[in-house]
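Engineer: Before I ask anything, let me first share the structure, which is written out below as structure tokens.
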Ligand SMILES: C[S@@+](CC[C@H](N)C(=O)[O-])C[C@H]1O[C@@H](n2cnc3c(N)ncnc32)[C@H](O)[C@@H]1O
């Protein structure tokens with residue numbers, strides 16, 4: 001696989017990112033609350049030129065389009081996504097007078113997506129797995145007009161640590177399925193569904209989650225952290241908002257006359273104190289600040305687990321199991337030194353026990369603690385282009 005996301009989706013002819021939209025109001029409320037946290041109330045979209053990069057199924061586009069943009073371009077490189085969005089246009093769910101779908105690669109945007117041509121650019125869940133996530137970020141950032149807003153998602157090995165452990169189930173699943181991709185997928189759904197059911201809020205069907213996480217061949221050197229994104233854009237963009245919302249600013253409002261706002265520096269400094277908490281969504285309101293506590297050991301060990309997972313996943317083998325278990329031990333110890341992590345420590349121990357059992361052929365290990373453990377997975381960032 002050479003092109004992140006696209007080659008895998010195209011090979012299987014899938015869009016494994018549907019949202020469960022039966023609860024239409026819930027879907028609208030979820031998106032509206034997300035945008036609000038990013039500093040984008042519905043009026044920000046009204047009359048705006050909006051570009052969504054990688055709209056996938058178009059489920060989220062339905063909400064964005066309802067905020068009355070003047071122009072809404074949907075750019076995707078997956079033929080199945082182009083078909084899905086065209087079907088929405090044909091059905092009248094998206095207004096052809098406003099919305100148009102464009103097939104193309106975000107790295108080399110087609111003429112319908114001119115540089116500086118959009119007031120709002122949304123790039124959700126389509127950057128961090130690219131071959132070079134920073135280059136992909138710069139490519140989409142170039143499409144934002146002066147004073148416009150870029151919304152993007154970030155993710156790294158800390159935020160997906162439990163998913164790395166779930167991906168490590170694949171060699172055992174493939175062995176049990178005897179090379180039949182559909183059987184492997186069903187088996188993975190049976191194992192993962194009880195895990196997903198522990199989430200009080202979820203929006204993706206189990207099969208989509210499994211296809212997009214357990215069987216998706218991630219490229220080497222993936223990851224785009226909040227720090228990476230802000231640093232990459234520091235020359236021309238300023239931090240506006242995020243989900244989770246980690247930035248507080250108690251400067252007096254009259255203090256900003258001297259162009260010393262430094263939004264990016266503040267955001268990066270504050271995220272550094274909360275980064276560890278992305279390891280488990282259950283560390284929540286209030287998240288203890290990790291000031292003066294070692295978080296580097298956790299971050300380094302998560303990156304190491306990421307490399308081991310990459311090797312095990314691509315070789316479809318447990319040759320590296322001793323190192324994997326040892327790294328999980330280091331992670332458990334590092335978590336134990338951090339505030340608010342008792343459930344996470346228990347889950348990491350269970351992940352170790354379970355991975356050893358699964359690698360030995362026991363696919364029915366119940367993961368009593370681990371199945372409750374989900375990372376924050378993605379964080380959302382909004383930044384504005386300096387005019
Ligand atoms: C994981 S899905 C996310 C879909 C949707 N944004 C969401 O958050 O549910 C990634 C999307 O980005 C698209 N994509 C990935 N790489 C791309 C590229 N190089 N050019 C254009 N689209 C791309 C995929 O086809 C897919 O629609």
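The values are calculated or read from the model by the stated rules, or taken from the named source; none is laboratory data. A quick note: this is a predicted structure, and the numbers were derived from the prediction, not measured. Glycine also receives a Cβ, built like all others from the backbone with ideal geometry; neighbour counts cover every protein chain displayed.
Engineer: Taking the conditions exactly as written (surrounded by 17 or more Cβ atoms within 10 Å (Cβ to Cβ), without any contact (Cβ under 8 Å) to a residue 60 or more places away in the chain and either in a helix (DSSP H, G or I) or touching a strand residue (DSSP E or B) at 6+ places or on another chain (Cβ under 8 Å) (or both)), does residue 333 satisfy them or not?
Structural biologist: no
Engineer: Same structure again: Please report, ordered by residue number, the helices (runs of 4 or more DSSP H) entirely within region 118-229 with at least 2 residues that are assigned by TED's automatic domain parsing to the domain that holds residue 104 and closer than 30 Å to residue 386 by Cα.
Structural biologist: Output list reads 133-141.
Engineer: While we're on this one: Would you check if there is a residue in region 85-105 being within 16 Å of the ligand (Cβ to nearest atom), in contact with a helix residue (DSSP H, G or I) (Cβ under 9 Å, 6 or more places away or on another chain), closer than 30 Å to residue 186 by Cβ and not in a loop (DSSP other than H, G, I, E, B)?
Structural biologist: Yes: one or more hits.
Per-residue answers, yes or no, for (1) within 19 Å of the chain's Cα centre (by Cα); (2) within 16 Å of the ligand (Cβ to nearest atom):
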{"residue": "172", "(1), (2)": "no, no"}
{"residue": "180", "(1), (2)": "no, no"}
{"residue": "218", "(1), (2)": "yes, yes"}
{"residue": "222", "(1), (2)": "yes, yes"}
{"residue": "228", "(1), (2)": "yes, no"}
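Engineer: Report yes if residue 59 is assigned by TED's automatic domain parsing to the domain that holds residue 129, within 8 Å of the ligand (Cβ to nearest atom) and free of Cβ contacts under 8 Å to residues at least 60 places away in the same chain, otherwise no.
Structural biologist: yes
Engineer: Also, I was wondering about something else. Looking at (1) within 15 Å of the ligand (Cβ to nearest atom); (2) surrounded by fewer than 19 Cβ atoms within 10 Å (Cβ to Cβ), which is the one condition that is false for residue 72?
Structural biologist: Among (1) within 15 Å of the ligand (Cβ to nearest atom); (2) surrounded by fewer than 19 Cβ atoms within 10 Å (Cβ to Cβ), the lone unmet condition for residue 72 is (2).
Engineer: Any residue in region 8-31 that is closer than 28 Å to residue 387 by Cα, at pLDDT 95 or above and exposed (fewer than 15 other Cβ atoms within 10 Å of the Cβ)?
Structural biologist: no
Engineer: Taking region 106-131 as the search range and keeping residues that are more than 8 Å from the ligand (Cβ to nearest atom), free of Cβ contacts under 8 Å to residues at least 40 places away in the same chain and out of contact with any strand residue (DSSP E or B) (no Cβ under 8 Å at 6 or more places or on another chain), which one is nearest to residue 144 (Cα to Cα)?
Structural biologist: Only one residue fits best here, namely 115.
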